[in-house]
Structures are given as structure tokens and as C-alpha cells.
Amino acid sequence: MKPAKPLKFILAAMVLIWRALTAPCVASAAEPQPLCRIEVVEEKTGWPVPLLELSTTNHLRFVTDNAGVIAFDATELMGKEVWLNVRGHGYGVPADGFGSRGRRIKPEPGKTIRIEVQRSNIARRLGRITGAGIFAESQRFGEHQDWKESGLVGQDSVQNVVHNGRLFWSWGDTSLTRYPLGIFHMTGATTEVQPLDKFEPPLKLHLDYFRNEKGEIRQIAEMPGTGPTWLGGFASVPDDAGKTRLVATYTKIRNYLEAYEAGLCVWNEEKLQFERLKIVWSKSTESPKQPPIPLGHPIEIADEAGQKWLLFGDPFPKLKCRATFADWQDPQSWQELKPQDKVQAADGSREVKPHTGSIAWNKFRKRWVTVFMEAFGKPSPFGELWYAEADEPTGPWGPAVKVLTHDNYTFYNPRLHPEFTPADSPIMLFEGTYTAEFADHPEKTPRYDYNQILYRLDLDDPQLEPAQKK
């Protein structure tokens, strides 16, 4: 019988066996392959184009960030000729003989490829305002490292008002990373009244969100009752003591989109929270339909006597009251208006039915202007946006020119931003919610879906002249 081997020899053998087994793995571990950089720009201007989708013949999808950049990382396609389909909601390339719209490239690690696209929309896309990964592709190349993530991935339907020298922002349902259900009682932020130093991409709009003690973005308008709370009709009005009050109208929602209660709420400057002031309507057998209330995107005007008024509409005014805290909260002071329900298309082909939108006085045009979403438009039922003008905020409006279209995608609740630009500037900005909701089962756009996107209109663009005739 052979004597047992000493323990140290057994351990040494085990180490040798482990090294032999793991050595191939270590040797085969390759360094990360450099990325191929793709830059998508608008021809003629050279501006970066956000939200431009490139897809391969084997269905890999890449979407440009706010800087128009894609970090192409498909290692199996490096060094090969690759066809990229090009799609971009108003941006694209001409079709070839077979009807395909795309470009053929040869991606290589460390290489930069530039793709030029044509813009067919009158409105120019500046970029995304909300959500995560706004510069995700560029940051993989070490760029835009100053951009900090908000902690949110989606925000619905913006409301704005200038209050106490700041621009107040609020959004509806808000998506988070940690669970499919997010914040359903409004989120909010503030910025400078003119938060942008330029009006071309890449867009960087820094929002100062309201957060809790943990630094997390929080709700700002939880009203009693089940279901989400939605706010609208934001205004900043003086009370009897001369103090400026931030006010809004709330709606409680159940069963997806059913409104069952509406009321008025006021911003608590100490708690930084909206609080309910009063209920003005509760759904019942006797009162099944919500009455006219101060909702939408209000504007402020002054009459010949100097009295200031608030006109509430979405897009065109439906209700008005004197611009005071006392009259805003008194339903007896509200005056119902009958808005124009259709606008003639500038080419005379048909009538266009506005659904949602906003209006503003434009000093450059010396007229009231609007951008609104068409109800049941084509090709997207709720993704077609139009521009029109009027001499008075109550109309008549028209003719209208289509300025933005979408390929089976929704872009609703557009909001003009006249406060962003100098008063006499020909540039007008507007944003809206980009979402797959209410479209025909589209493939959702990564990062962009359910977020706010900002567009630019140049009011001296000859394409808008048909809407500018009196």
C-alpha cells in the first residue's frame, strides 16, 4: 500500500489544474471593440437630427440622440457592407428604384460615418426635453459628460406659466425606471423664463425638478380620491392683497380616461405643493358631463379699459374670466366662449378639425398664432400638426398649413413657447408629447417614447405664407 501524498502536493496539483482550465478563458477575453460613430445631419444646414432611426436588414435598430449621433456597436457587421433603412418622421432620404429608403455604409471600429437626410416637415426638430439617455449615444464617445440624468424615463403633456420671475413646468403621468407604474399626481420643475441660449441642436434644456428629501423627483399635486390627478389651466394671478398666486384646475381620473371630479387648486409656496381649494364638479346621474372650467393653456389679454383677462382654451378660447384670484375661483365670474371648431386648409382641399394645442400673441407677425394637433388626421390620426393665424384670439382662424407629420405615431397636446425667444424674433418654438398611444400598434421608439420633443418654426419661411394672408 502506497503512502498518502502530503496535503501540500494535493493543493499544488489543484492550483495547476485550475490554471490550466482558466487559461484559455483569460487568453480569449478580448478588449472592447471600438465603436463606429454615425452622425446624422440635415443636408444644407448640417444640423444634427435627433430621433432618426436606422435599421439593418436583420432588424437591428439604432436611434440618434439629441446630438444626432449613433454609437454603432454591432460587431458582426463591422467591416461589411451594411444597408441601413432610414426613417425619421419628416426626415429621410429619396427612395431607390425598388422603393427602399436608406444608405449603404461600411462600419469599422473607430470610423466616423456621416449621413445626410432631407427635411420634409416645415417645423425643425430641435430635440428631446424629458426622459433618460438624451445624450446616451454621444456619451459612449466621452462627449456631453456635463449632461446629468433626471431619474425619469417618460413625462406626459406639459403645462407652463411664468410665476414670480421663473418659468413653472408641470407634467402629467411620469414613468420611472424601477417599476411599470410611476408618478400619477403631476411632477414639476422650474427654469429661467428663457432657458435656452440657442435655438438649434444639440438641445440642452436643464430642468430644476421638485424632489423629496432623498433627492428623488416627487409628485406635486395629489388630490383626495382614487386614480391619477391631472392639472391644467395654469395661471399666475394677484389676490386682493396684491400677492401673486399660482393656480390650476385639477381633474381626477378613473378607468383609464374617465374624469369623475374637477376642481380648483392653489400652489403652497412653503410646502411647494398644490392643495385643493374647492370641488366644482362631481360626476353623477344628474351631472354626467363636466361643465366648462378653466382648463387648457390660458393666455392673458387686456381690454380697452386696461382690465386683464384670462382666456382658457385648447387650442382656441372656450372660457374667460378676469385675471384675478377672486374671479378665477368664482364660477359665477366665468364666461363661456364658443370656439371655432374647424379651420380651412391653406390649399383649399378640406377643413381641418383642431383637437389640442395653444395660441400666443406674436410680435413678429403682429397677429395671434397657433399650433394645433388635428383630430383624426392622416397619416397619423393624432400626429399631424398645423399652423394658423388670427387678428383676434377668439378668431376667426385660418387658413392653416401643416407643419409636422408623423409616420404612425402620436404627437399630442402641443404647447407654444413664446417666452423662450425675444419678442420680435421670427423664431417660434413648440413642444408636444411623442407617444405610441393612440397609434396603430407601432414599434415604440427606445428612449423617446412618452416624452416631450421641442420643434422650431421660422415664421419668415415662405412655406408659411399661405397661412399668413389676411
For 174-180, 77-83, 449-455, ranked highest to lowest by mean beta-carbon neighbours within 10 Å, the order is 449-455, 77-83, 174-180
When the dipole is taken about the Cα centre of the chain, and only Lys, Arg (+1) and Asp, Glu (-1) are charged at their Cβ, what size is it in debye, to the nearest 20? 1500 debye
Value at 222 nm in deg cm²/dmol, rounded to 500, when DSSP H runs of n ≥ 4 in the chain each add -39,500 (n - 2.57): -2000 deg cm²/dmol
Which whole-number percentage describes the relative contact order of segment 169-260, with Cα contacts under 8 Å and a sequence gap of 6 or more? 22 percent
Of Pro288, Val237, Phe274, which is farthest along the charge dipole of segment 232-289 in the positive direction, counting Lys and Arg as +1 and Asp and Glu as -1 at C-beta? Pro288
Excluding residues fewer than 8 places away in the same chain, name every one of the aspartates and glutamates whose C-alpha is closer than 12 Å to that of Lys80. Glu108
Per residue accessible area of the chain, 1.4 Å probe, in Å²: 49 Å²
Before anything else, pin down the relative contact order of segment 107-245: Cα pairs under 8 Å, at least 6 apart, normalised by residue count, whole percent. 20 percent
Sequence-distant lysines (8 or more away, or on other chains) whose Cα lies within less than 20 Å of Lys198: Lys44, Lys148, Lys363
With the cut-off at 1.5 for a/c, could you classify segment 31-190 from its C-alpha gyration tensor as rounded, prolate or oblate? prolate
Which order do peptides 58-65, 127-134 fall in by mean Cβ count within 10 Å, highest first? 127-134, 58-65
Of Lys342/Lys402; Lys252/Lys444; Lys289/Lys318; Lys402/Lys470, which pairs sit farther than 20 Å apart, going by alpha carbon to alpha carbon? Lys252/Lys444
Straight-line reach from Lys243: which aspartates and glutamates fall under 13 Å, measuring Cα to Cα and dropping same-chain residues less than 8 apart? Glu269
Measure off, as a whole percent, the carbon and sulfur share of the 1.4 Å-probe accessible area of the chain, all protein chains present. 52 percent
Answer in debye to the nearest 20: the dipole magnitude of segment 275-336 about its Cα centre, from +1 Lys/Arg and -1 Asp/Glu charges placed on Cβ, is 240 debye
Can you tell me how segment 63-152 classifies by the Cα gyration tensor, rounded, prolate or oblate, using a/c under 1.5 as the rounded cut? oblate
Nearest 10 degrees, 0 to 90: helix 7-28 Cα axis against the chain principal axis: 60 degrees
Could you tell me the relative contact order of segment 280-325? Use alpha-carbon pairs under 8 Å, at least six residues apart, and round to a whole percent. 28 percent
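The values are calculated or read from the model by the stated rules, or taken from the named source; none is laboratory data. The structure presented is a predicted model; accordingly, all values stated were derived computationally and were not measured. Every residue, glycine as well, gets a Cβ built from its backbone with ideal geometry; the counts of neighbours run over all protein chains shown. Surface accessibility is based on the protein's heavy atoms, side chains included, excluding ligands, DNA and RNA. Shrake-Rupley method; radii C 1.70, N 1.55, O 1.52, S 1.80 Å.
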